[in-house]
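Accompanying notes for the structure given below.
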Amino acid sequence: MQTAESRLNRDIADLNNYFILTVPEGADAQAWLDRLNALPEVEIALAMPLPAPAPLPPNYQGSQGYLGQLRGDRRIGSLDSPRGNRSAHGGRPGGRL
């Protein structure tokens, strides 16, 4: 760390002194920050932003018709069709190819 400080010619924060605290649900986060910042040992306490929600995947149901296409009153590849789901194991008993 001393090398980085001398190269940059400025102080570098010691990450060993960083802490991440989780505020209990229903607690006032700003009140926690105010109490922490009032302590002489604390240089600064800041709230971290919550992560953005993960994006939803596209709907691929329209591309999955090959296993669920209707033929008459039965679905191709379903267990109630006369063929069963033979395509998954080559059409041979026991699934052997």
Contact list, first residue from region 42-58 and closer than 28 Å to Leu15 by Cα, second anywhere and outside any loop (DSSP other than H, G, I, E, B), beta-carbon distance below 7 Å, six or more apart or interchain, is Val42/Leu36; Ile44/Asn37; Ala45/Leu33; Ala45/Leu36; Ala45/Asn37; Ala47/Ala29; Ala47/Leu33
Check on Arg7, of a type in the set (Lys, Arg) and at pLDDT 85 or above: yes
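The values are calculated or read from the model by the stated rules, or taken from the named source; none is laboratory data. On a predicted model such as this, the values are computed, not experimentally measured, just so you know. Note that we place each Cβ from the backbone using ideal geometry, even for glycine, and neighbour counts take in every protein chain shown.
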